[in-house]
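Trainee: Got a structure for you, written out below as structure tokens; questions coming shortly.
Bear in mind that the values in this text are calculations on the coordinates, not laboratory data. Values in this document were obtained by computation on a predicted structure and should not be read as measured data. Neighbour counts are summed over all protein chains in view; Cβ atoms, including those assigned to glycine, are modelled from backbone coordinates with ideal geometry.
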Amino acid sequence: MTPVELARSVADIVTRRVKGTYSIDPWGFDAELTGLLADASRLRWSIELRGADHVPAEGPALVVFTRRYGISEPYVAAAALHRTRRPLRVVGVPDMPVVGPALRRLGGVLARPEEMTSLFRVGEVVAIPLSRTPRDRFDPGAIDPVLLEPALRLGVPVLPVALAGRELGRRWYVEIGAPIHTTLRSGPLADAELAEQVRAHVTTMLGHA
């Protein structure tokens with residue numbers, strides 16, 4: 001998308017939102033606005049994407065991506081997934097006025113298993129960021145096993161994703177690993193086992209980044 005085309009799209013989207021002639025889904029997601037921002041992100045970031053073929057063309061999936069001490073990773077991950085034509089719902093929206101609804105427009109969801117379950121049931125791709133690791137880029141960080149429970153219970157594949165880049169830099173590397181296929185099971189032990197499996201996959205991928 002050229003800067004001129006982007007400007008026209010922005011003007012059109014703003015006009016229709018002023019008039020109220022746009023739609024959002026039951027979770028507050030504005031697919032059109034998010035798609036425009038993903039296209040515009042090419043002006044801000046140069047993203048090298050590998051493993052795009054691992055993203056299912058349809059149906060639910062759980063993405064688990066790395067995050068260091070910055071704010072860019074969720075947006076970079078969403079922009080990368082947009083290239084596969086799958087919008088990304090990122091877990092971690094604060095449940096508070098103004099900020100929460102605004103981030104929901106961009107695909108944010110609450111860190112609640114029941115909300116993730118409802119999204120999986122309609123075939124959406126949901127993402128969980130690993131905890132921040134500002135010092136060691138080979139440490140993938142931790143993940144709350146409870147948030148993996150919906151994927152295990154519904155048999156949703158898990159995609160480990162490694163991101164590498166600098167917070168104020170332009171170039172980012174995003175690698176999507178082969179899906180970890182889950183079985184229909186649940187329980188704290190199963191959740192913890194999957195969390196360690198995901199961490200192991202991401203650690204290996206970070207070593208290649």
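Trainee: Which of G28, G107, G187 ends up with the largest GNM mean-square fluctuation for the chain, with Cα atoms connected below 10 Å?
Mentor: G187
Trainee: On to the next question. Hey, got the dipole for the stretch 141-209? About the Cα centre, +1 on K and R Cβ, -1 on D and E Cβ, debye to the nearest 20?
Mentor: 280
Trainee: Rounding to the nearest 20 debye, state how big the charge dipole of the stretch 47-208 is about its Cα centre with +1 on each Lys and Arg Cβ and -1 on each Asp and Glu Cβ.
Mentor: 540
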